[in-house]
Amino acid sequence: EIKAVLLEICEEVARRARTHNKVGRTISLGIGYSKDELGGGFHRSKTIELPTNITMDIYRCCLMLFNKFYSGQTVRSISVTLSNIQDDVNQQLSLFEVDNEKRRKLGFVMDGIRSKYGSKAILRAVSYTPAGTALHRAGLTGGHKS
């Protein structure tokens with residue numbers, strides 16, 4: 001369930017970056033543990049070589065941090081941030097990632113569909129599972145029922 005919510009959060013972070021035509025090199029993941037288990041948690045960051053605003057790039061980095069530092073306790077909060085921000089104007093091409101431009105354009109297309117038809121118009125399959133929260137959050141306004 002944690003990984004499903006993490007993917008949805010990464011999607012939102014990437015969407016916000018694309019909306020402002022920004023990319024980031026430093027991806028941070030914060031996990032807060034339940035107070036019932038003495039609280040705590042961790043906050044870790046990783047700086048990647050090429051700046052990104054692609055959902056799956058951010059998710060893969062967060063997943064790597066999560067798998068490395070998660071201790072198995074009950075999770076109360078999850079945060080994902082993108083920093084070391086740059087303008088999304090100069091895209092460095094990579095010989096090893098041939099579909100990078102397609103994935104980048106796909107993000108903008110998905111954002112356009114959501115902008116035109118609403119946030120529920122196109123969701124990842126994980127959002128329709130019991131662990132998903134995006135479908136429920138789409139019916140809220142500022143965190144409250146509409």
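The values are calculated or read from the model by the stated rules, or taken from the named source; none is laboratory data. Everything numeric here is computed off the predicted structure, so don't read it as measured data. Every residue, glycine as well, gets a Cβ built from its backbone with ideal geometry; the counts of neighbours run over all protein chains shown.
Hey, could you check the stretch 1-39 for residues that are of a type in the set (Gly, Ala, Ser) and within 17 Å of Ile78 (Cβ to Cβ) and say which is modelled with the lowest pLDDT? Before the answer, list the steps.
From the stretch 1-39, those of a type in the set (Gly, Ala, Ser) are 4, 14, 17, 24, 28, 30, 32, 34, 39; that's our starting set.
Now drop any that are not within 17 Å of Ile78 (Cβ to Cβ), which leaves 4, 14, 28, 30, 32, 34, 39.
Details: Ala4: 88, Ala14: 92, Ser28: 96, Gly30: 95, Gly32: 92, Ser34: 84, Gly39: 72.
Among residues in the stretch 1-39 that are of a type in the set (Gly, Ala, Ser) and within 17 Å of Ile78 (Cβ to Cβ), the one modelled with the lowest pLDDT is Gly39.
Considering only residues in the stretch 14-26 that are touching a residue at least 40 places away in the same chain (Cβ under 8 Å) and surrounded by fewer than 14 Cβ atoms within 10 Å (Cβ to Cβ), the one that is nearest to Asp99 (Cα to Cα) turns out to be Asn21.
Taking the conditions (1) closer than 18 Å to Lys102 by Cβ; (2) at pLDDT 90 or above in turn, Phe42 satisfies each one other than (1).
On the stretch given as the stretch 27-67, residues that are closer than 20 Å to Val89 by Cβ, of a type outside the set (Val, Ile, Thr) and surrounded by fewer than 16 Cβ atoms within 10 Å (Cβ to Cβ) total 2.
Given the criteria at pLDDT below 90 and part of a strand (DSSP E or B), does Leu50 qualify?
Working: at pLDDT below 90: yes; part of a strand (DSSP E or B): yes.
Judged against the criteria, Leu50 is a match.
Condition first: touching a helix residue (DSSP H, G or I) at 6+ places or on another chain (Cβ under 9 Å), assigned to a loop (DSSP other than H, G, I, E, B) and either modelled with pLDDT of 75 or more or acidic (Asp, Glu) (or both). Now tell me which residues in the stretch 88-121 satisfy that. Listed by number, the residues that qualify are Asp88, Glu97, Gly118. Of the listed requirements (1) surrounded by 15 or more Cβ atoms within 10 Å (Cβ to Cβ); (2) under 14 Å from the mean Cα position of the chain (by Cα), Asp88 misses just one: (2).
Give Ser79, Ser83 a once-over and let me know the one that is in contact with a Ser or Thr (Cβ under 8 Å, 6 or more places away or on another chain), closer than 17 Å to Ile54 by Cβ, modelled with pLDDT of 75 or more and not acidic (Asp, Glu). Full working, then the answer.
Working: Ser79 fails: closer than 17 Å to Ile54 by Cβ.
After ruling out the rest, the residue left standing is Ser83.
For first residues located in the stretch 108-130 and under 16 Å from Arg16 (Cβ atoms), partners that are of a type in the set (Asp, Glu) and in a helix (DSSP H, G or I) and lie 6+ apart or on another chain with Cβ distances below 6 Å do not occur.
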